[in-house]
1. If residue 145 passes every condition in (1) over 20 Å from residue 103 (Cα atoms); (2) open to solvent by 60 Å² or more (accessible area, probe 1.4 Å); (3) modelled with pLDDT of 95 or more but one, which one does it miss?
2. Go through the stretch 87-118 and report how many residues are out of contact with any strand residue (DSSP E or B) (no Cβ under 9 Å at 6 or more places or on another chain) and either closer than 13 Å to residue 77 by Cβ or of a type in the set (D, E, K, R) (or both).
3. Being assigned to a loop (DSSP other than H, G, I, E, B) and surrounded by 13 or more Cβ atoms within 10 Å (Cβ to Cβ) narrows it down to one residue among 170, 188, 139, 130; which is it?
4. I'm trying to understand the selection: among the residues of the stretch 17-41, which are in contact with a strand residue (DSSP E or B) (Cβ under 9 Å, 6 or more places away or on another chain) and assigned to a helix (DSSP H, G or I)?
5. Sort out which residues of the stretch 64-110 are β-branched (Val, Ile, Thr) and either open to solvent by 20 Å² or more (accessible area, probe 1.4 Å) or at pLDDT below 95 (or both), and write them in order of number.
6. Would you confirm, using the coordinates I've provided, whether residue 98 is farther than 21 Å from residue 40 by Cα and free of Cβ contacts under 8 Å to residues at least 60 places away in the same chain?
Amino acid sequence: MTGVTGGDRAGAGQLVNGRLRLRRFTGADADALTELDADSEVMRYLTGGRPTPAEVVRGELLPRLLAGYDRHPGLGRWAAVDRATGMFLGWFALDAPAGAQPVTQAELGYRLRRAAWGRGLATEGSRALLRHAFATVGLARVWAQTMAVNTPSRRVMEKAGLRYVRTFHLDWDDPIEGAEHGEVEYELLRAEWAAREAD
């Protein structure tokens, strides 16, 4: 069961779904974010395993993340908390494209601590955000991208209901291992989601 509580203009307070509670980040979450991004395995397909420095989390990442809540109501990044233990597990995101007005689509993202891997939580949280994106925010499309070699993330996209769209190649100044195989994009349209929900 998915529910939205803490109502603001677009139902972006918190999402409760099965084993997860997804809530807005606060300034008090800097240490948890820094710890998440310090794990080389978590960052493997993002930075080649390099951690995000604590000063970048505190001075750039977290302030930008918090400012996004007002810029795009109903979208942004949610801290994922284990409902049973209260433990911070990582985050899920619906990010609006830069400069898009009105916002009709968003990019799905997720990053979880290793302790949360292999338990179906990434799929569970992604499905909660897809429901929020289409049923509450009213988006027309949600997409996700990852490295073509990132099989675990691709599996989450597929289990959440997104379908493969394309493989593409980007020019990186400092490519990480596997970049030569390109990036992949998956998507789900609101009409497709609604048809599945009606079954």
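The values are calculated or read from the model by the stated rules, or taken from the named source; none is laboratory data. Fair warning: this is a prediction, and the values are worked out from it, not measured in the lab. Note: ideal-geometry Cβ built from the backbone for every residue, glycine included; neighbour counts use all protein chains shown. Ligands, DNA and RNA are excluded from the accessible area calculation, which covers all protein heavy atoms including side chains. Shrake-Rupley method; radii C 1.70, N 1.55, O 1.52, S 1.80 Å.
1. (1)
2. Final tally of qualifying residues: 1.
3. Values: 170 fails: surrounded by 13 or more Cβ atoms within 10 Å (Cβ to Cβ); 188 fails: assigned to a loop (DSSP other than H, G, I, E, B); 130 fails: assigned to a loop (DSSP other than H, G, I, E, B).
Of the residues listed, the single one that is assigned to a loop (DSSP other than H, G, I, E, B) and surrounded by 13 or more Cβ atoms within 10 Å (Cβ to Cβ) is 139.
4. Here is the first cut: in the stretch 17-41, the residues in contact with a strand residue (DSSP E or B) (Cβ under 9 Å, 6 or more places away or on another chain) are 17-26, 29, 32-33, 35-37.
The answer is 29, 32, 33, 35, 36, 37.
5. Filtering the stretch 64-110 for residues β-branched (Val, Ile, Thr) gives 81, 85, 103-104.
Answer for the stretch 64-110, where residues must be β-branched (Val, Ile, Thr) and either open to solvent by 20 Å² or more (accessible area, probe 1.4 Å) or at pLDDT below 95 (or both): 85, 103, 104.
6. On the way: farther than 21 Å from residue 40 by Cα: yes; free of Cβ contacts under 8 Å to residues at least 60 places away in the same chain: yes.
Spelling it out, residue 98 is indeed farther than 21 Å from residue 40 by Cα and free of Cβ contacts under 8 Å to residues at least 60 places away in the same chain.
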